[in-house]
Amino acid sequence: GKSQMLRACSRVAPRGVYVCGNTSTASGLTVTMVKEGSTGDYALEAGALVLADQGCCCIDEFDKMGKEHNSLLEAMEQQSISLAKAGIVCSLASRCAVLAAANPVGG
C-alpha cells in the first residue's frame, strides 16, 4: 500500500530519500553534529531532508512520529536547516518536496 508507493517514489525521484517516521529522530531528519574520536573535531552529518536537497523526502508512518515533525517546520518554510552548536553556525539547504503518509485515525 502506502509504504510501497513511498518507496517507489523515492527510487524514481532524483535524490529520493525514504525514512520511516516511527524510527526517525529530529536530528536524523535534519542534521547531526558528531565529535570525531581521533581528532576531537566536530563534523556535521546530513539528515534525510538535507540528503534529499533538490529531490524528494518520503516519510512513512507520519502518524507515529512524536514531536519530530516539528523539525520539519523550518525545512518546509525556509527551505533550509540552521544549526548553532559547539561554535559551529551554519545553514544547510533542504530544497526538497516532502511526501508523507499516515494511517487514518481509528484504523
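The values are calculated or read from the model by the stated rules, or taken from the named source; none is laboratory data. For clarity, every value in this text was computed on a predicted model and none was experimentally measured. In this analysis, Cβ positions are derived from the backbone assuming ideal geometry, glycine residues included, and neighbour counts consider all displayed protein chains. Note: accessible area is taken over every heavy atom of the protein model, side chains too, but ligands, DNA and RNA are not part of it. Shrake-Rupley method; radii C 1.70, N 1.55, O 1.52, S 1.80 Å.
List of remarks:
- A Cβ distance below 7 Å, combined with a sequence gap of six or more or placement on separate chains, defines the contacts here; from segment 24-39, residues that are in a helix (DSSP H, G or I) reach residues that are open to solvent by 40 Å² or more (accessible area, probe 1.4 Å) in the pairs ALA26/GLU68; LEU29/GLU68.
- The conditions of being among the aliphatic types (A, V, I, L, M) and over 12 Å from the mean Cα position of the chain (by Cα) are not met by ALA48.
- Only one of ALA101, ALA75, ALA86 that is open to solvent by less than 90 Å² (accessible area, probe 1.4 Å) and touching a residue at least 60 places away in the same chain (Cβ under 8 Å): ALA101
- Restricting attention to segment 34-88, the residues that are out of contact with any helix residue (DSSP H, G or I) (no Cβ under 8 Å at 6 or more places or on another chain), among the hydrophobic types (A, V, I, L, M, F, W, C) and more than 21 Å from ARG15 (Cα to Cα) add up to 6.
- The set of residues in segment 89-107 being in contact with a helix residue (DSSP H, G or I) (Cβ under 8 Å, 6 or more places away or on another chain) and among the hydroxyl-bearing types (Ser, Thr, Tyr) consists of SER94 alone.
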